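The values are calculated or read from the model by the stated rules, or taken from the named source; none is laboratory data. No experiment lies behind these values; they were computed from the predicted model shown. Note: ideal-geometry Cβ built from the backbone for every residue, glycine included; neighbour counts use all protein chains shown. Heads up: the accessible areas ignore ligands, DNA and RNA and are worked out on the full protein's heavy atoms, side chains in. Shrake-Rupley method; radii C 1.70, N 1.55, O 1.52, S 1.80 Å.
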Amino acid sequence: MHPIKKWLTLALVSSALFLIVVDMTVLYTALPALTRELQASSSQKLWIINVYSLVVCALLPGLGTLGDRLGHKPVFLAGLAVFGVASLCAAFSPAPVWLICTRILLALGAAMMMPATLSLIRLTFADARERSFAIGVWAAIASGGAAFGPVLGGFLLEHYWWGSVFLINVPVVLLTLLMAATILPRREGNRDKPWDLLGSLQIMLGLLGGVYAIKELGKAAPSYAVALAAVVLAAVFMSAFVRRQHRQAQPLIDFKLFRALPFSSAVAAAMVASAALIGMELALSQHLQLVRALSPLDAGLLLLPLPLASVFAGPLTGYLLPRADKAQVLWGSLLVSGIGMASYLLLHDASVSLQVASLVLLGLGLGAVMTAASSAVMLNVSPQQAGMAASIEEVSFELGGVLGVTILGTIMTAVYSATLVLPASAGLLPNAHDTLDAALQAAEQLPGALGLQVAQLARDAFDQAFIAVLATAAAILLAAGVTIRQLHLRQSRVAMFI
């Protein structure tokens, strides 16, 4: 392939990937405005955020192998078209339920495109060093794009209504679709490779049950019966999925791949990094707007050092990986990310320069983690397994996002509800303990000093919840880094005695 065409291929798949990952987080800065205009409940808010990543990660295994069967280019182009139509519908959603449904359609388009982006890179770049650099660019877009979402959302909300965060996708989709149809290489798929729709449905229902159980347990007054039923549902479908995959000659997910420590530790690292990043951004974007009273644009600008550092770290790590110990880069990057998260926890009320320094350190670590993880996953499989490997890597990223929003969002809600103590004179404020948005709206209806007191108490409670989220995110990053380091050291010692 001509060198220019190779790099144009990278640019096109990176543009599509940017749209996919930005849509995971672009609504964070739009949540307060969206909640007011659509009158979304706290449960609807979480589903608007979560349903996208949840459906993407549930569909990725099936659609990754579909790309191996039909060829990645046609699946990629079809996914772009679906994504564009869904973006247009989402922009003009009249109600929360409509927006949730269009987010599901967006997820379908994203799941069709995402495995193809990494697979096309794997198949286009034959030279190992070029491939490592290209995967570094891909990983930088994956982590930097997710971190850049709130910045883009803040800029758009400063000038337009909340639907603009979706409408902006449409011209990018049209341009990318036109160029991709003529530039992307066409490689025939393997028509003998089966496509397991039933397996995709099993894993989707299993994930839905698990996430719903976590959400239910995070409520101020959870129904333990409902949570238990959801856990049972998740266990049944996930067990059925695993059994089905072991029986398949060509499974959606080949669990034998996870026996290799470089592969399994890379998948775990990508999941942990994504969970920490996306869960932290969900809390931070609301903290900046609702507690510090920053505008969406100002909140986005304060977050900007994180994605910029991540975008810088990705290609640099990709360039260095062929020359470095890949395991050390992986666990070292996780430790750097954890130190960055912990420093922001300690300095989030300090001067802007210290906050920026913490966010830069966090962004550098996360960008390096995603690059090291993506390279380890893609380079430890054969070209015939590119679609499967890409879908596994991207499932880890998307599932990490789901878990980040669900678990860290649940911690945020639980701590907020537990620490908010309202004065008796405020009377019954039905939804004040559910979300800070609801408490602030209720405070506006109360007279003078009482309303100010309720608003301040709610902000103080959310501040405690925000600290709990950052502390949890820092802990899981550091714990993951230490654990992966110990596992690789133990494997090295065993290898020395064999």
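If packing is taken as the average count of other Cβ atoms within 10 Å, what order do 254-261, 235-242, 115-122 fall into, highest mean first? Can you show the working numbers first?
Values: 254-261: 12.8, 235-242: 16.8, 115-122: 27.9.
Put in order of decreasing packing, that is 115-122, 235-242, 254-261.
How many percent of all Cα-Cα pairs in segment 51-121 sit more than 21 Å apart?
Details: 595 of 2485 pairs.
Of all Cα-Cα pairs in segment 51-121, 24 percent lie more than 21 Å apart.
Can you tell me the orientation of helix 96-124 relative to the chain, as the angle in degrees between its alpha-carbon axis and the longest Cα principal axis, to the nearest 10?
30 degrees
Quick one: what are the phi-derived ³J(HN,Hα) couplings along segment 79-94, Karplus 6.51/-1.76/1.60 with θ = phi - 60°, whole Hz, x for glycine and proline?
Running phi through 6.51 cos²θ - 1.76 cosθ + 1.60 with θ = phi - 60° gives x, 4, 5, 4, 4, x, 5, 5, 4, 4, 5, 5, 4, 10, 5, x Hz.
What is the helix-to-structure angle for 169-183, meaning the angle in degrees between its Cα long axis and the longest Cα principal axis of the chain, kept from 0 to 90 and rounded to the nearest 10?
With rounding to tens, the tilt is 0 degrees.
Given H placed on each backbone N at 1.01 Å, which residues far from Leu294 in sequence or on other chains put an amide H within less than 5 Å of it?
Gln289
Taking the convex hull of the Cα atoms, report for segment 385-498 its projected area averaged over all directions, in nm². Don't skip to the end; give the middle numbers.
Numbers: hull surface 42.1 nm².
Over every viewing direction, the Cα hull of segment 385-498 projects on average to 10.5 nm².
Two decimals is fine: what's Rg over Rh for segment 1-152, C-alpha atoms, Kirkwood radius as Rh? Before the final figure, lay out each step's value.
Working: Rg = 16.4 Å, Rh = 16.1 Å.
Rg/Rh: 1.02.
With a 1.4 Å probe and every protein chain left in place, tell me how much accessible area Ile104 has, in Å² to the nearest 10.
70 Å²
Tell me which of Leu197, Tyr224, Leu308 sits at the most positive position along the dipole axis of the chain, charges placed on C-beta atoms (Lys, Arg +1; Asp, Glu -1).
The residue sitting farthest along the positive end of the dipole is Leu197.
Does anyone have the angle between helix 409-419 and the longest principal axis of the chain? Alpha-carbon axes, 0 to 90°, nearest 10?
20 degrees
Can you find, among Ala95, Leu174, Ser41, the residue sitting farthest towards the positive end of the charge dipole of the chain, where Lys and Arg contribute +1 and Asp and Glu -1 at Cβ?
Leu174
Give me the dipole magnitude in Debye, nearest 20, for the chain about the Cα centre, with unit charges on the beta carbon: positive for Lys and Arg, negative for Asp and Glu.
On the way: 28 positive and 23 negative charges, 330 e Å.
Around 1580 debye, computed over the chain.
So how exposed is Ile203, as accessible area in Å² (1.4 Å probe, rounded to 10)?
For Ile203, solvent-accessible area is about 10 Å².
Lys and Arg at +1, Asp and Glu at -1: add these up for the other residues within a Cβ distance under 14 Å of Gln491 and post the number.
Working: positive: Arg259, Lys326, Arg485, Arg490, Arg493; negative: Asp325.
Neighbour charge sum, excluding Gln491 itself: +4.
What's the center-to-center distance, using Cα atoms, between segment 429-498 and segment 213-277 in Å?
So the two Cα centres are separated by 22 Å.
Which whole-number percentage describes the relative contact order of the chain, with Cα contacts under 8 Å and a sequence gap of 6 or more?
Relative CO of the chain lands at 23 percent.
What translational diffusion coefficient, in µm²/s and rounded to a whole number, does the Stokes-Einstein relation yield for the chain at 20 °C and a viscosity of 1.002 mPa s, taking the hydrodynamic radius as the Kirkwood radius over Cα pairs?
Numbers: Rh = 22.9 Å.
After rounding, the answer is 94 µm²/s.
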